[in-house]
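**Q** What follows is a single structure, and I will ask about it in a moment.
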Amino acid sequence: MVEEQTLFEELFLPHLGAAYNLACWLVARDGDAEDVVQEAYLKALKGFNGFRGTNPRAWLLKIVRNTAYDWAKKHSNDLKEIPFDERIHAVAWGRRLSPSFLQDRINQLDAALTQLPAEFREILLLRDIEGWSYKELTSALSLPLGTVMSRLNRARQRLREEIAKAQLKESRNEV
C-alpha cells in the first residue's frame, strides 16, 4: 500500500498545477476549483489500480474535467458570471502605454475567456496554454480528431470575436 501511494504521488502530484488551472477555467472560482481538484485526486487515487496508461497527466486531467463538469451540473444555480467592466478591463489604445499594460491585456483576455462556453475554454486551455498534443486532446476529451480540430478552431474564433467586441466597446467609450 505504501509503495502504491508513493507511485501515485510520483506520477500525479507533478500535475497538480495543471489540474488546478483546468479546474479554475471550468468552474470559474478558486475555492470551487480547489474542491474539484481535491475530489478528482481522490477519484484518481481510488481508481489508481485501473490506471494502465503511459500518460498520467492526460488520465488525471480527464478525471479533473469530468469532476468539474459534474460539479458544475450540481452547482449551476450558484455560478455567476463576472461582467466585463470597461474601467477595470479595458486597454487604453489611444493613450501612452502604462506600466500596467500587460496586466490590462491579461485582464482583457481573462474577461474574453470567461464569455466562452466551458467546452471552448477547456480546449483553448489544454491546447494553447498547457501545450497538449491533438492526440492527448482526443484521448482526454473522448472526441475524434476532426471534432477536436473543429472545436479548437471555433474556440479561437470566438475568443477573437469576444476580444474584438471588448475593444470596440472600449473605443466607443473613449470618443
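The values are calculated or read from the model by the stated rules, or taken from the named source; none is laboratory data. Not measured: the values here are computed from a predicted model. In this analysis, Cβ positions are derived from the backbone assuming ideal geometry, glycine residues included, and neighbour counts consider all displayed protein chains.
**Q** Could you list, in sequence order, the residues of the stretch 137-157 that are in a helix (DSSP H, G or I) and of a type in the set (Gly, Ala, Ser)?
**A** Within the stretch 137-157, Ser139, Ala140, Gly146, Ser150, Ala155 meet the criteria.
**Q** Quick one: count up the residues across the stretch 6-49 that are part of a loop (DSSP other than H, G, I, E, B) and over 20 Å from the mean Cα position of the chain (by Cα).
**A** Looking only at that region, the number is 1.
**Q** Residues of the stretch 18-57 being touching a residue at least 24 places away in the same chain (Cβ under 8 Å) and among the hydroxyl-bearing types (Ser, Thr, Tyr), which ones?
**A** Residue satisfying the conditions is Tyr41 alone.
**Q** Taking the stretch 111-136 as the search range and keeping residues that are more than 15 Å from Trp25 (Cβ to Cβ) and either part of a helix (DSSP H, G or I) or basic (Lys, Arg) (or both), which one is farthest from the chain's Cα centre (by Cα)?
**A** Lys135
**Q** Out of Arg87, Arg160, report the one residue that is part of a helix (DSSP H, G or I), at pLDDT 75 or above and not polar (S, T, N, Q).
**A** Selected residue: Arg160, the only one of Arg87, Arg160 that is part of a helix (DSSP H, G or I), at pLDDT 75 or above and not polar (S, T, N, Q).
**Q** Now, a different point. Go through the stretch 50-64 residue by residue and tally those that are in a helix (DSSP H, G or I) and either in contact with a Phe, Trp or Tyr (Cβ under 6 Å, 6 or more places away or on another chain) or surrounded by 14 or more Cβ atoms within 10 Å (Cβ to Cβ) (or both).
**A** The qualifying residues number 9.
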